[in-house]
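**Student:** Let me give you the structure first, and then I'll get to my questions.
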Amino acid sequence: MFKTHGSHWGAFEAEARDNRIVSVRPAPQDPDPSPILDGMAEAVHHDCRVKAPAVREGWLKNRDRARGGDRFVEVPWDEALDMVAEELDRVKKAHGNEAIFAGSYGWSSAGRFHHAKTQMQRFMNCFGGYTAQKHSYSLAAGLAILPHIVGDVQPLRNLTSWASIAESSDMLVAFGGVGTRNAQVEPGGTAAHTTQYWLRQLAERGVQVVSITPIRNDTPDYVKAEWLAPRPNTDVALMLGLAHTLVAEGLHDAAFLARYATGGDRFLAYLMGDADGVAKSADWAAEVCDLPAETIRDLARRMAKGRTMIATSYSLQRGDHGEQTFWMTMALACLLGQIGLPGGGFGFGYGSMHGQGNPVPKMPTPAHSAGPNPTGSFIPVARITDLLLNPGKEYDFDGERRTYPDTKLIYWCGGNPFHHHQDLNRLLEGWRRPDTVIVNEPWWTPTAKLADIVLPATTTMERNDIGASSRDRFIVAMKQIVTPQFESRNDFDIFTGLAQRLGIDAAFTEGRDEDAWLRFLYAQARESSGTLDNRMPDFDAFWEQGILELDAPEKPHVVYEAYRADPAANPLPTPSGKFEIFCAEIAGFGYDDCPGHPVWREPAEWLGGETAGKWPLHLISNQPQHKLHSQLDFVGPSRAAKIDGREPVFLAPAEAEARGIKDGDLVRLFNDRGETLAIAVISDNVRPGVAQLPTGAWFDPADWAASGTTELHGNPNVLTLDKGTSKLGQGPIAHTTLVEVAKVEGAAQPSNPFGLPELAPSAAAE
């Protein structure tokens, strides 16, 4: 019998026999299912599952910190939970709760109850708190800047809908493109992928699409997009050149600027060169971006001629000074004066996740609460290595002067930092500083291999849950397909066991088991639905139904429509009530790398800088097509995309020819931070001067016990720069990275990223 279930890449139905999943098929509601679903069954039963609680031998014997390459000892659950509880209690009493860094970054589950991050944070909050992470790797710079300049994150969460763009736009200018590979996924899942449908609607209606990205296929071929490929990390300069043309030729909407924005005069003085003597003209931008000046002027004129939507991808703010890309997007849209009109204005993340541009459902979705963190301690999400290497060091963040706590224990639950963090060799150095590292994990990921205590967690298909997203019209009954494999336990049960040992189980569980929690969370959402026409059925009816479809809005959504119609009655939640092109609050911080209005600042590494002489290729580590981040890297869809067991790196023909590299050659990508191996693929889809190595490969160093050895699998984050975007956002800058590529002569050590660590005999525990 097939049962409904959900995942980040779509709802599906699965069938099991003899406690083994034998068939998976997409939900019937999905017109464009993700092929990643094909790997779901394999993931549950894969050999790289953590089969039992395991403790690193060196830590067990003498509490050493030599993480990497050590053997593990399997121990009974009670013994493992006792160890973890004792360590948590020891660190709390000796150093305080701030010394516990509880990390959980990753899309561990579409389920709203069995959500690793929420479960861990709730447990830690009941325990007295911890040091948390603020914002996300996807959007750290954007989440920092937007509350200052528009008052909230509405342009990220509730965009002008695709229907409005398809019906009313003349032009879609997409900085970073509109990638359908990213549109496969949504944090709470989806039951109907529609992004490609809407893109085809744009093509059929003849909407001009301009895709501005170093990678041609960041926008599907059928859109017939005009491709502009500036130097990477120069989008702000290009936007300034467009803005200058609008103003210089009298094409901007001065009335909109005066009524709906503040600080336009300060910004225009910078734009036109009155403030610093440098006009940010199309000619100036052409030198920075390596695009013809006339191309820039022509685009500006076309944008002003009709209804234009400016779409900026998440990826652009993951570069040095990434805050400026979002700020300048808003400023450029203000100059055009089309914000609040159907098909006009700006939005962030179209194509970056499936829900961006989807109609927002009328009803709330179930969601579990972690509660408040009693310590209030946190770091910016991507400053993990700085935290571990620099206890007591002061740093700036969003107007505050903060201090890194001294971390004695890491507890990681959900996610794989040895995939998504930058400069992994540097992270490895910091990772060996704390006394203890504990990980809840279904598989032997690189992070699990670098832990001291590993607790085997279930996958989603081994438990019941509710899948839902605020930007999706479906709520999915995620029904248990098989019982927990091997000795795995749900994160909720793991933390319940720890809570019992620490005397906080009543607060953590509130007396509810899995079924009671699911009913409670669903009832909360149902009660909040109020008098809406499409009321939710009771829980049992929903569970029997499997997938619940909610009503869509009656008309296409247009962000800032109410503000445009009556700005006095609907002010923005900013100090001025307007779009803040000049922000006095940010100016008051005094940050040289993020002043009071949008500016161009040279990135730490870029093709127009001095370092390009030594490292002449810009690394683009975009999201992969065949997996979500590093999730399911070990199953069929992802493995099939590899070449000889390694990731492909895409190079323009001219760059390959200059280095004597042919299609299929084993190459090394390297800079001062590290080296990784990949297989060369020669492609016209890549701008010259760029090496495209998608992210997601499991970290596989040649020597786990050493630091800085060659990474064998094609993980780009051994090369990326671990620096904050600015003092304001402190976000990651993976897309600000220069490298060189060279052919590997002779044989190379094979990659084995999914191999199991060596298990010591159980007697070693005695």
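The values are calculated or read from the model by the stated rules, or taken from the named source; none is laboratory data. Model, not experiment: these values are computed from the prediction. Don't worry about glycine lacking a Cβ; one is built from the backbone with ideal geometry, like all the others, and counts go over all protein chains shown.
**Student:** For region 700-719, what are the residues that are under 15 Å from LYS642 (Cβ atoms) and assigned to a loop (DSSP other than H, G, I, E, B)?
**Tutor:** Correct list: ASP700, LEU712, HIS713, GLY714, ASN715.
**Student:** Also, quick follow-up: For region 27-133, which strands (runs of 3 or more DSSP E) that fit wholly inside it have 1 or more residues that are under 29 Å from ALA760 (Cα atoms) and touching a Ser or Thr at 6+ places or on another chain (Cβ under 7 Å)?
**Tutor:** Answer list for region 27-133: 72-74, 100-103.
**Student:** Give the number of residues within region 542-599 that are surrounded by 14 or more Cβ atoms within 10 Å (Cβ to Cβ), outside any strand (DSSP E or B) and either of a type in the set (A, V, I, L, M) or on the phi > 0 side of the Ramachandran plot (or both).
**Tutor:** Final tally of qualifying residues: 13.
**Student:** Tally time: how many residues in region 88-138 are of a type in the set (Asp, Glu) and within 18 Å of GLY376 (Cβ to Cβ)?
**Tutor:** 1
**Student:** Pairs only if they're at least six apart or on different chains, beta carbon under 6 angstrom, first in region 257-277 and closer than 18 Å to GLY577 by Cα, second among the small types (Gly, Ala, Ser); list them, first residue then second.
**Tutor:** Correct list of pairs: LEU257/GLY264; THR262/SER576.
**Student:** Could you check region 337-383 and list, in sequence order, the residues that are within 15 Å of ARG307 (Cβ to Cβ), among the hydrophobic types (A, V, I, L, M, F, W, C) and buried (at least 24 other Cβ atoms within 10 Å of the Cβ)? Can you show your working first?
**Tutor:** From region 337-383, those within 15 Å of ARG307 (Cβ to Cβ) are 337-347; that's our starting set.
If we keep only those that are among the hydrophobic types (A, V, I, L, M, F, W, C) too, we end up with 339, 341, 346.
Those that are within 15 Å of ARG307 (Cβ to Cβ), among the hydrophobic types (A, V, I, L, M, F, W, C) and buried (at least 24 other Cβ atoms within 10 Å of the Cβ): ILE339, PHE346.
**Student:** Filter region 136-176 for residues that are under 25 Å from PRO732 (Cα atoms), in contact with a Gly (Cβ under 7 Å, 6 or more places away or on another chain) and buried (at least 22 other Cβ atoms within 10 Å of the Cβ) and give the result.
**Tutor:** Selection gives ALA140, ALA141, ALA144, ILE145, PRO155, LEU159.
**Student:** State whether one or more residues within region 292-306 are in a loop (DSSP other than H, G, I, E, B) and either more than 27 Å from GLN730 (Cβ to Cβ) or among the small types (Gly, Ala, Ser) (or both).
**Tutor:** So far as region 292-306 goes, yes, one or more of its residues are in a loop (DSSP other than H, G, I, E, B) and either more than 27 Å from GLN730 (Cβ to Cβ) or among the small types (Gly, Ala, Ser) (or both).
**Student:** Which of the following residues is within 22 Å of ALA174 (Cα to Cα), modelled with pLDDT of 95 or more, crowded, with 22+ Cβ neighbours inside 10 Å and more than 34 Å from the chain's Cα centre (by Cα): HIS252, HIS244?
**Tutor:** HIS252
**Student:** Something else now. Please enumerate the residues belonging to region 402-416 that are in a loop (DSSP other than H, G, I, E, B) and without any contact (Cβ under 8 Å) to a residue 60 or more places away in the chain.
**Tutor:** TYR404
**Student:** For region 637-650, state whether one or more residues are among the basic types (Lys, Arg), farther than 23 Å from ILE733 by Cβ, crowded, with 21+ Cβ neighbours inside 10 Å and in the same structural domain as GLY724 (by TED's automatic domain parsing).
**Tutor:** Checked region 637-650: at least one residue is among the basic types (Lys, Arg), farther than 23 Å from ILE733 by Cβ, crowded, with 21+ Cβ neighbours inside 10 Å and in the same structural domain as GLY724 (by TED's automatic domain parsing).
**Student:** Output the residues belonging to region 497-508 that are buried (at least 20 other Cβ atoms within 10 Å of the Cβ) and either free of Cβ contacts under 8 Å to residues at least 40 places away in the same chain or in a strand (DSSP E or B) (or both).
**Tutor:** Correct list: empty.
**Student:** On to the next question. Hey, can you tell me all the residues within region 459-493 that are part of a loop (DSSP other than H, G, I, E, B), buried (at least 21 other Cβ atoms within 10 Å of the Cβ) and under 23 Å from the mean Cα position of the chain (by Cα)?
**Tutor:** Hits for region 459-493 are THR459, SER469, ARG471, ASP472, ARG473.
Conditions (1) of a type in the set (Ser, Thr, Tyr); (2) assigned to a helix (DSSP H, G or I); (3) in the same structural domain as ARG71 (by TED's automatic domain parsing), marked per residue:
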position	(1), (2), (3)
PHE418	no, yes, yes
GLU429	no, yes, yes
VAL437	no, no, yes
THR447	yes, yes, yes
ALA451	no, no, yes
VAL454	no, no, yes
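For (1) outside the structural domain of THR736 (by TED's automatic domain parsing); (2) among the polar types (S, T, N, Q); (3) more than 32 Å from the chain's Cα centre (by Cα), each residue gets a yes or a no:
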residue: ALA248; (1), (2), (3): yes, no, yes
residue: VAL278; (1), (2), (3): yes, no, yes
residue: ASP290; (1), (2), (3): yes, no, no
residue: THR329; (1), (2), (3): yes, yes, no
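**Student:** State all residues of region 705-739 that are of a type in the set (Val, Ile, Thr) and either modelled with pLDDT under 95 or touching a Leu at 6+ places or on another chain (Cβ under 9 Å) (or both); if no residue qualifies, say none.
**Tutor:** Across region 705-739, the qualifying residues are THR710, VAL718, THR720, ILE733, THR736, THR737, VAL739.
**Student:** Here is a follow-up. Looking at region 387-401 only, could you name the residues that are touching a Phe, Trp or Tyr at 6+ places or on another chain (Cβ under 6 Å) and outside any loop (DSSP other than H, G, I, E, B)?
**Tutor:** The answer is LEU387, and nothing else.
**Student:** Next question, about the same structure. Being at pLDDT below 95 and either among the basic types (Lys, Arg) or at positive phi (or both) is the filter here; which residues of region 140-165 pass it?
**Tutor:** Within region 140-165, just ARG157 meets the criteria.
**Student:** So which residues in region 222-262 are touching a strand residue (DSSP E or B) at 6+ places or on another chain (Cβ under 8 Å) and of a type in the set (Ser, Thr, Tyr), if there are any at all?
**Tutor:** Residues satisfying the conditions are TYR260, THR262.
Each row is one residue, and each column tells you yes or no for (1) without any contact (Cβ under 8 Å) to a residue 24 or more places away in the chain; (2) β-branched (Val, Ile, Thr).
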site: MET1; (1), (2): yes, no
site: TRP9; (1), (2): no, no
site: ILE21; (1), (2): no, yes
site: SER34; (1), (2): no, no
site: MET40; (1), (2): no, no
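**Student:** Cβ-Cβ below 8 Å, separation at least six or inter-chain, first residue in region 513-525 and in contact (Cβ under 8 Å) with a residue 12 or more places away in the chain, second part of a helix (DSSP H, G or I): which pairs?
**Tutor:** Within 8 Å, the pairs are GLU514/PHE492; TRP517/PHE492; LEU518/PHE539; ARG519/PHE539; TYR522/PHE539; TYR522/PHE542; ALA523/PHE539.
**Student:** Could you tell me whether any residue of region 398-409 is within 23 Å of ASP491 (Cβ to Cβ), at pLDDT 95 or above and among the basic types (Lys, Arg)?
**Tutor:** Within region 398-409, one or more residues are within 23 Å of ASP491 (Cβ to Cβ), at pLDDT 95 or above and among the basic types (Lys, Arg).
**Student:** I want to confirm something. Restricting to region 605-628 and keeping residues that are under 28 Å from MET353 (Cβ atoms) and aliphatic (A, V, I, L, M), which single residue is surrounded by the fewest Cβ atoms within 10 Å (Cβ to Cβ)?
**Tutor:** Initially, region 605-628 is screened for residues under 28 Å from MET353 (Cβ atoms), giving 605-606, 618-628.
Filter again for aliphatic (A, V, I, L, M), leaving 619-620, 628.
Numbers: LEU619: 25, ILE620: 25, LEU628: 22.
Step by step, filter region 605-628, then rank; the result is LEU628.
**Student:** For region 671-684, state whether one or more residues are surrounded by 15 or more Cβ atoms within 10 Å (Cβ to Cβ), of a type outside the set (D, E, K, R) and assigned to a loop (DSSP other than H, G, I, E, B).
**Tutor:** Within region 671-684, one or more residues are surrounded by 15 or more Cβ atoms within 10 Å (Cβ to Cβ), of a type outside the set (D, E, K, R) and assigned to a loop (DSSP other than H, G, I, E, B).
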